[in-house]
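Reading through the structure tokens given below for one structure.
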Amino acid sequence: MKINDIKKVLLLGAGTMGQQISIPCALAGFDVVIYDISEEALEKALRRIPKIMAGMVLWKKFTQEEADAAFKRISTTTDPAAAAKDADIINESVPEKPDLKVKIFSQFNALCPERTIFTTNTSTLLPSKIAAATGRPEKFLALHFHDVSITNVVDIMPHPGTSEETIALVKEFAEKAGQLPIMLQKEHSGYVFNYMIGALFTSAQTLATSNIASIEDIDRAWMGVTHMMQGPFGMMDGIGLDTMLSVTEYWAAKNKDPQWIKNAEFLRGYVEKGHLGMKAKKGFYEYPKPAYNQPEFLKGVKN
């Protein structure tokens, strides 16, 4: 299959990342289908996607006319057979549970054409851990998107069994979708940026759970020195504290590290209250007007 043969993109999962990934794909002219088992999740996605696009239009990333045309290319379904029909490339963004990813790839392997390329947007898992379950390991790799409203960086991470043809085709696909592919030469947990930013998040959580400083002061330290608009806790709110908990629990269980376990318990306290971050309007901060966006957050005391 060549790049011009790719017409239909299938996104598995209608959550935050499924919604976001649909936008550059549709803008590039691909027909995008979002599949989810929940009709409610799909309805929410169709309400949320135009709002994400509106913000990107304000930032002049594309015009409203382009946004309207792209949105018409996005459809949804709860029917796996309809979703799989004529799919050329899949990107999966279901929750970070290996058994769930194995189940859904196995299901779609039986439904998709032989040509279909399978990719995962996983934040934590290595492709080799689930490659066999896809039924087409040579046509499988990680294609990991970040927040498309602020960056076009994507990570491309094959496993040892991924074919060179698949790697090249997925790179072309990412470029056609307006993305900047970061090519990993070997499997590595956390890719490139996430590996670096993960160290920041772990450090911030550890400072908070060890009662070294408050959440606000940890963010103030980061923002005040780097002049960034968010600190680590504000960033985690944007990612989603449920996602942060999944990642932290995974590594806590894998490494049995007492500090990671403590950090997971800290995050779980927020998630169990429904304080999932920006998408729930409450996490470490309250939205749409978080404290870190207020002028007084970084003001020093005048003598």
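The values are calculated or read from the model by the stated rules, or taken from the named source; none is laboratory data. It should be emphasised that the depicted structure is a prediction, and the values quoted were computed from it without experimental measurement. Quick reminder, even Gly has a Cβ in these numbers, built from the backbone with ideal geometry, and neighbours come from all protein chains shown.
Could you pull out the residue among 244, 183 that is closer than 21 Å to residue 281 by Cα and of a type in the set (A, V, I, L, M, F, W, C)?
Residue meeting the stated conditions: 244.
What are the residue pairs meeting all of these: first residue in segment 120-139, first residue in contact (Cβ under 8 Å) with a residue 60 or more places away in the chain, second residue hydroxyl-bearing (Ser, Thr, Tyr), Cβ atoms under 6 Å, and 6 or more apart or on different chains?
Hits for this filter: 121/93; 124/250.
Report, by residue number, each residue of segment 35-84 that is within 27 Å of residue 116 (Cα to Cα), surrounded by fewer than 18 Cβ atoms within 10 Å (Cβ to Cβ) and β-branched (Val, Ile, Thr).
Those that are within 27 Å of residue 116 (Cα to Cα), surrounded by fewer than 18 Cβ atoms within 10 Å (Cβ to Cβ) and β-branched (Val, Ile, Thr): 37, 77, 78.
State which residue is surrounded by the most Cβ atoms within 10 Å (Cβ to Cβ) when the search covers only segment 130-151 and only residues that are closer than 30 Å to residue 238 by Cα and polar (S, T, N, Q).
If we take residues in segment 130-151 being closer than 30 Å to residue 238 by Cα and polar (S, T, N, Q), then 149 is surrounded by the most Cβ atoms within 10 Å (Cβ to Cβ).
How do the pairs read when you match residues in segment 24-43 that are over 22 Å from residue 144 (Cβ atoms) and modelled with pLDDT of 95 or more with residues anywhere that are surrounded by fewer than 18 Cβ atoms within 10 Å (Cβ to Cβ) and of a type in the set (S, T, N, Q), using Cβ under 9 Å and keeping only pairs 6 or more apart or on different chains?
That search, which allows pairs on different chains as well, returns 31/75; 37/78; 38/78; 39/78; 42/77; 42/78.
This table checks each residue for (1) outside the structural domain of residue 240 (by TED's automatic domain parsing); (2) among the acidic types (Asp, Glu).
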site	(1), (2)
154	yes, no
161	yes, no
168	yes, no
172	yes, yes
201	no, no
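Here are 200, 180, 245, 207: which of them is more than 21 Å from the chain's Cα centre (by Cα) and more than 16 Å from residue 120 (Cβ to Cβ)?
207
Among the numbered conditions (1) in contact (Cβ under 8 Å) with a residue 60 or more places away in the chain; (2) more than 20 Å from residue 268 (Cβ to Cβ), tell me where residue 180 comes up short.
(1)
List the helices (runs of 4 or more DSSP H) inside segment 23-85, counting only whole elements, that have at least 3 residues being basic (Lys, Arg). Talk me through it step by step, then tell me what you get.
Working: elements: 39-58, 64-71, 80-84.
Fully inside segment 23-85 and qualifying: 39-58.
Residues in segment 283-301: is at least one without any contact (Cβ under 8 Å) to a residue 40 or more places away in the chain, surrounded by 19 or more Cβ atoms within 10 Å (Cβ to Cβ) and not basic (Lys, Arg)?
No, the conditions are met nowhere in segment 283-301.
Take residues that are in contact with a strand residue (DSSP E or B) (Cβ under 7 Å, 6 or more places away or on another chain) and tell me which of the helices (runs of 4 or more DSSP H) falling wholly in segment 161-269 contain 2 or more. Before you say what the answer is, go through the steps one by one.
Numbers: elements: 164-176, 193-209, 215-226, 232-239, 241-255.
Result: 164-176, 232-239.
Return the residues of segment 253-276 that are among the small types (Gly, Ala, Ser) and surrounded by 19 or more Cβ atoms within 10 Å (Cβ to Cβ); say none if nothing qualifies.
Residue satisfying the conditions is 264 alone.
Restricting to segment 92-116, name every residue that is over 23 Å from residue 192 (Cα atoms) and crowded, with 18+ Cβ neighbours inside 10 Å. Step through it out loud before you land on a result.
Within segment 92-116, the subset over 23 Å from residue 192 (Cα atoms) is 99-100, 102-116.
If the condition is that a residue be over 23 Å from residue 192 (Cα atoms) and crowded, with 18+ Cβ neighbours inside 10 Å, then 104, 105, 108, 109, 112, 116 are the ones that fit.
(1) closer than 30 Å to residue 288 by Cα; (2) in contact with a helix residue (DSSP H, G or I) (Cβ under 7 Å, 6 or more places away or on another chain): which one isn't true of residue 1, the others all being true?
(1)
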